1. Would you please calculate the Kirkwood hydrodynamic radius of the range 301-444 over all C-alpha pairs and express it in Å, rounded to one decimal?
2. Viscosity 1.567 mPa s, temperature 4 °C: Stokes-Einstein D of the range 259-386 from its Kirkwood Cα radius, in µm² per second?
3. Enumerate by residue number the GluC sites (Glu not before Pro) in the range 241-328 meeting two conditions: DSSP loop (anything except H, G, I, E, B), and at most 15 other Cβ atoms within 10 Å of the site's Cβ.
4. Give the cross-link partners of residue 315 among the aspartates and glutamates, using a straight C-alpha distance below 19 Å as the criterion and excluding same-chain residues fewer than 8 apart.
5. Set the Förster distance to 45 Å, then compute FRET efficiency between residue 343 and residue 234 from the Cβ-Cβ distance, nearest 0.05.
6. Quick check: pseudo-label points 7 Å beyond the Cα along Cα→Cβ at residue 375 and residue 146, how many nm apart are they?
7. So for the range 182-271, considering every pair of alpha-carbon atoms, how many percent are separated by more than 19 Å?
Amino acid sequence: MGLSHLIQRSITKKLFSSKPSNILPSSWFLTDTTGKSFYHSGGSNGAKINSFDDTDSLKISKSSYHVSSGGFMRGVVFWEPNKPVTIEEFQMPRPKAGEVLIKTKACGVCHSDLHVIKGEIPFASPCAIGHEITGEVVEHGELTDRKTIERFPVGSRVVGAFIMPCGNCFYCSKGHDDLCEDFFAYNRSKGTLYDGETRLFLRNSGKPVFMYSMGGLAEYCVVPAHALTILPNSLPYTESAILGCAVFTAYGAMAHAAQVRPGDSVAVIGVGGVGSSCLQIARAFGASDIIAVDVQDEKLQKAKTFGATATINSKIEDPIERIKEITGGRGVDIAVEALGKPLTFSQCTQSVRDGGKAVMIGLAQAGAIGEIDINRLVRRKVQVIGSYGGRARQDLPKLVKLAESGIFNLTDAVTRKYGFEEAGKAFQDLNQGKIVSRAVVEIM
């Protein structure tokens, strides 16, 4: 599956021619606390992790790194739901074979991390959060193959995808990096990389800290090489960080799940960082009617700059009826749900025409259920498709080209920037709906 031959040729030519809930308390900022318990919250019983003990520590040779901070670094840590995230000192992480140590320059502020912080999505804790990064290559893991080292030489500017493919599993071997077995079995289920171990240990105690993707809200991070692509000098570190999740997720939805074609009508429900990226990708693929649905007028106004031809404030208007009005009573060819709420799930499925595609990309609180009219689903051939992200090895280089050519507007997509010590405030602002489109934490 993929883009039609026509749109692929067109894009290629352009590319190479040059109401929030559960508000957290106002004290939800970074604090400097330590001495937390180490538990795994990824299962239903919150079982304690026994794979690490007090003897697990890393002895770092400062001479092994091109770093000014010596043998340690700082990173942002989530300890337990609805508690402040903290900045902690870590021993310098060591990459293993096929992995790259990155000096992180910027990291996006994403709702997925917020879901973990609020306990809506269970994840191993404590963990280093952040999964949308740019940075500079510092070191390759021992026994890394020559071609990888040549592709990402020390000093290279890179951008990383949050889905980090192993490159070898059943799905990766078929090019479906977004379904990588090791990524879900190890990282999303256990908070480790693919040997079952974390790369992060606290500086003083040597205690392990798990990794949400690469744990990119840190001064350094370890990333499997298959998740990286080169970032050209023409693109800035800060704005380009969103390529690895917000844009990456949108591209996976529009290119692989929805398979947008020229002239298609598209509705995007929820136009935050990912949803607004869907608008831009839909425009790039030649969609005709592009309808943005949200509850904040500020976001809807911004959506027009990203390609929306119509906007709907669903607090004021019934989005299903309004979408049908715009499309002559049929509904859109493709509707995208980017919030992860049962209500918007239902709205998405009811907004598509007969034979249309309802694409779900918004993560929900664990256990949330979406409902659909089964008879309409069957009789009218409505397609409901889930999409988590793009395919790193195929898609991330394309996204860099889209940004480099100006087809995807990174500058307008990033509306807030925070310093490293402000990371806690960034997530508080995100939780309170204060961020339009995407925010980025600058770590440089």
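1. Over the range 301-444, the inverse of the mean reciprocal pair distance is 17.7 Å.
2. Numbers: Rh = 14.2 Å.
The estimated diffusion coefficient comes to 91 µm²/s.
3. Answer by residue number: 317.
4. 294, 297, 298, 325, 337
5. Values: r = 42 Å, r/R0 = 0.93.
Once rounded, the FRET efficiency stands at 0.60.
6. Label-label distance for residue 375 and residue 146, simple model: 6.8 nm.
7. Here the tail beyond 19 Å accounts for 57 percent of pairs.
Bear in mind that the values in this text are calculations on the coordinates, not laboratory data. Just so we're clear, the structure is a prediction, and the values are computed from it rather than from any experiment. FYI the Cβ positions are ideal-geometry reconstructions off the backbone, even for glycines, and counts take in every protein chain you see.
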